[in-house]
1. I'd like to know which of 95, 170, 123 lies farthest towards the positive end of the charge dipole of the chain, counting +1 on Cβ of Lys and Arg and -1 on Cβ of Asp and Glu.
2. Please give the length that would be gained between residue 81 and residue 294 if that part of the chain were fully extended, namely 0.36 nm times their separation in residues minus their C-alpha to C-alpha distance (nm, one decimal).
3. I'd like the antiparallel share, as a percent to the nearest 5, of DSSP beta bridges with both residues in the chain.
4. Using the Cα centre as the reference, give the magnitude of the dipole from point charges on the C-beta atoms of the chain (Lys, Arg: +1; Asp, Glu: -1; all else neutral), rounded to the nearest 20 debye.
5. Expressed as a whole percentage, what fraction of the accessible surface of the chain belongs to carbon and sulfur atoms when a 1.4 Å probe is rolled over the protein heavy atoms?
6. Express the accessible area of the chain per residue in Å², computed with a 1.4 Å probe while the remaining protein chains stay in the model.
7. Give the long-range amide H neighbours of residue 91: residues separated by 5 or more places, or on another chain, with amide H under 5 Å away, using H modelled in the peptide plane at 1.01 Å from N.
8. What are the ³J(HN,Hα) couplings of the stretch 188-197, residue after residue, when phi is run through the Karplus curve with 6.51, -1.76, 1.60 and θ = phi - 60°? Round to Hz, x for glycine and proline.
Amino acid sequence: MASSAIFNFLPSSSSSLSTLSFRNSRTQTPIFYKPLIVKASTSVDYSSSSLAGISTKNNNWVWKYKDNSVNIYYEEHHKGSDEPCKNILMIPTISDVSTVEEWRSVAKDIAGRDGKVNYRTAIVDWPGLGYSDRPKLDYNADVMEKFLVDFINAPDSPVNNSDKDLVVFGGGHAATLAVRAAKKGLVKPKAIASIAPTWAGPLPIVFGRDSSMETRYGFLRGTLRAPAVGWMMYNVLVSNEKSITSQYKSHVYADPEKVTPYIIESRFALTKRQGARYVPAAFLTGLLDPVKSREEFVQLFAELEGNIPCLVLATAGSPKRSKAEMEALKEAKGVSKYVEVPGALLPQEECPEIVAEQLYRFLQEIYEL
């Protein structure tokens, strides 16, 4: 997800770039060797889901990173009974306005389903984003991966995966970071669902990564992180309702009519939190990119083959460049099931009923067959 903006301030080295414009084998786990490609129906059966009895709890978990103690915000949704539950971790799409709110409807839907298995859904905000603390760290893909690994594996984690029975749902870069961590063996989820997965930040996906552009990205990143002038630039590029409205209506949602005033107001409020500009500075300029090429992106998923079932939910209305990367996974090794759903870069919020239905079917295949 990217902010729509025009940059007229990046210094030129050998050539002029006066304007940048962008929109941007576990025994009981079923293993799918041949990808199943599906186009999702837009009609959804709600008969098995009830939100009336859902219990919701929000809390903070302290992440210890170097000399920092970072309060991490998370939410839990479940039926409130004492019956055993399977844990589902939902990770927001990394963006300048990332938040647990984008997953809330899906989390409650799945937790409220009546079936053979009960589910407890947890949503967590990334450090530096949403309602979590936003310290001035040197954010990059390794830092975000380290957080995800610690959150899943820590003994005091709300989703501790000691029984290796956790399923992870992630959107955008979050999905790819989860796959990367699983490929390295740093986390061992029972299954992964990647929703509108991405790997390139807003500027690199448009302008590439040659040395000249990397110099410009470094200048922009440093300026955004600087005192005083950093806040001024951040307010122009990201932290204003006009910019947020533009990005949501142009490429975050496929249907601009679904972008409500509440969404814009809540996202705008997030951009005003202390330290809000540090992660966007890294994300916009590619420092949070889990890989550097489509080939690496596809190979990450290939490493899951035969070990971890993986669902990919691609979207029909994604921006052209992002959609091309999703479609590269259509028949890729390691992708158990590929489903196209409506929406753009945030289908879990724009089309929550359809996304929840597809994810629930995936859970049934994992746990109930």
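The values are calculated or read from the model by the stated rules, or taken from the named source; none is laboratory data. In this text, all values refer to a predicted model and were calculated from it rather than measured experimentally. Here the Cβ positions follow ideal geometry from the backbone for every residue, glycine too, while neighbour counts run over all protein chains shown. Heads up: the accessible areas ignore ligands, DNA and RNA and are worked out on the full protein's heavy atoms, side chains in. Shrake-Rupley method; radii C 1.70, N 1.55, O 1.52, S 1.80 Å.
1. Sorting the options by dipole projection puts first 95.
2. Numbers: separation 213, 0.36 × 213 = 76.68 nm, distance 4.44 nm.
Extra length from residue 81 to residue 294 when fully extended: 72.2 nm.
3. Numbers: 19 of 46 bridges.
If I count the DSSP bridges inside the chain, around 40 percent turn out antiparallel.
4. Details: 43 positive and 41 negative charges, 134 e Å.
The dipole of the chain has a size of about 640 debye.
5. Values: 7250 of 14700 Å².
The value for the chain is 49 percent carbon and sulfur by accessible area.
6. On a per-residue basis, the chain sits at 40 Å².
7. HN-HN under 5 Å from residue 91: 169, 170, 171.
8. Values per residue, Gly and Pro as x: 10, x, 6, 6, 9, 10, 10, 9, 6, x Hz.
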